[in-house]
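K.L.:
Right, I'll just put the structure down here and ask away after.
The values are calculated or read from the model by the stated rules, or taken from the named source; none is laboratory data. All values reported here derive from a predicted model rather than from experimental measurement. Methodologically, a virtual Cβ is constructed for each residue, glycine included, from the backbone with ideal geometry; neighbour enumeration extends over all protein chains shown.
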Amino acid sequence: MAIVATGLSFVRTLEYRSSVRLLILQRVNLGVDPYLAARSQETISENLANIIKTTSFFEKVLVAETNIDQSVFSNKEEKKRKQWGRMVETVVSRGSGLLTVQVFHKTRSQAELIATAVSGVLKNEGWTYLGGSDLTVQIVDAPLTTNWPVRPNVPINALGGFVLGLLGGALYVIFLAYRHPPHLIQGFLHGE
């Protein structure tokens, strides 16, 4: 079962990941409760994380970086949106205003190029999505790209297949124990 799961992992295209971390800062007035200010930054980070998945943002990324290979995207709008949503993942660190953007692509260079373009659009135009110029987006970790493909996760898939194989084998033995008399099971287990 582990071999089957590992083999099925290679059916999908292997993808590299490029990650960039951004700090979202909002200018706050003196006297504002620090907790409310932190919650506000977190909310803004979540809003930007959702904005990244939109068609408008996607188009700005393509304009910002002309070397992005656009042939990987479908001409059909619905499929293109799914591809973009699957290619870009976001994680907001609670209470910190940190936004991590992960880009997955079949080539390392394209993954890094897209991550750089996403961070550039957020830094230069992120405030336009929130309607205020008091927003600052700082790149705190430049894009870091994996040396090896990370998706699909072949070792995890192999381990999952191994565990499922063990469970399936155990269930089969239990099924045999209930279906056949004990002396037949003992003969089966001892190779008789």
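K.L.:
Residue under question is Phe162, and the condition is that it be aromatic (Phe, Trp, Tyr), farther than 22 Å from Arg39 by Cα and modelled with pLDDT under 85; does it hold? Before the answer, list the steps.
P.N.:
Details: aromatic (Phe, Trp, Tyr): yes; farther than 22 Å from Arg39 by Cα: yes; modelled with pLDDT under 85: yes.
When the stated conditions are applied, Phe162 passes them.
K.L.:
Can you confirm whether Thr136 is touching a residue at least 40 places away in the same chain (Cβ under 8 Å) and out of contact with any Asp or Glu (no Cβ under 6 Å at 6 or more places or on another chain)?
P.N.:
Working: touching a residue at least 40 places away in the same chain (Cβ under 8 Å): yes; out of contact with any Asp or Glu (no Cβ under 6 Å at 6 or more places or on another chain): yes.
It is true that Thr136 is touching a residue at least 40 places away in the same chain (Cβ under 8 Å) and out of contact with any Asp or Glu (no Cβ under 6 Å at 6 or more places or on another chain).
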